[in-house]
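These notes concern the structure reproduced below.
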Amino acid sequence: MARNLVRFDPFAELSRMERDFFEDGMLGSRRTKLPTTDIYTKDDKEMIVEVHLPDFDENDVSVNIDEGALVIQAEKHEKEEDKDKKYVVRESSQSFYRRILLPQQSDQAKIAATFEKGVLKVDVPFAELPAPTKIPITTGSKA
């Protein structure tokens, strides 16, 4: 007779509701994936920043240099008016902002950006650092 008993878990229903709400339900379907940003150096001669912005067009993206930092912004606004539907105006917007501190040796005048197939690529070349100057050491004897 004891074999047919099911252990009562007072939190089972709460756990199920949380899973339904966050993973499968309302918030799970609205979860948006943030754009991927890759920052790496190539041959110690330049830094490359790649930002994957598949939902944006080239005109939606801006790249600026501000106080020694690379500032990447993307903003998109859509507005739709349809008299056949019950709403009059439908608006949506998306935005992205990333501020990346530039290395001290970066050559800001030669920074270039390209946008192709939803990927923004910013090349930050490094300036040639002057070679260190060797200072000879002499032994001095005062006479």
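Among the residues of the range 109-131, write down those that are surrounded by fewer than 10 Cβ atoms within 10 Å (Cβ to Cβ), at pLDDT 90 or above and either within 12 Å of Leu70 (Cβ to Cβ) or not small (Gly, Ala, Ser) (or both).
Glu116, Lys117 - these are the residues of the range 109-131 that are surrounded by fewer than 10 Cβ atoms within 10 Å (Cβ to Cβ), at pLDDT 90 or above and either within 12 Å of Leu70 (Cβ to Cβ) or not small (Gly, Ala, Ser) (or both).
Picking from Ser141, Ser106, Ser95, which residue would you name as being modelled with pLDDT under 90 and within 29 Å of the chain's Cα centre (by Cα)?
On inspection, the qualifying residue turns out to be Ser95.
Which members of the range 68-92 meet the condition of being at pLDDT 85 or above and open to solvent by 30 Å² or more (accessible area, probe 1.4 Å)?
Gln73, Glu75, Lys76, listed by residue number.
The values are calculated or read from the model by the stated rules, or taken from the named source; none is laboratory data. None of these values were measured; they are calculated from a predicted model. We place every Cβ from the backbone using ideal geometry, glycine too, and count neighbours over all the protein chains shown. Side chains are part of the model used for accessible areas, which takes the heavy atoms of the whole protein and leaves out ligands, DNA and RNA. Shrake-Rupley method; radii C 1.70, N 1.55, O 1.52, S 1.80 Å.
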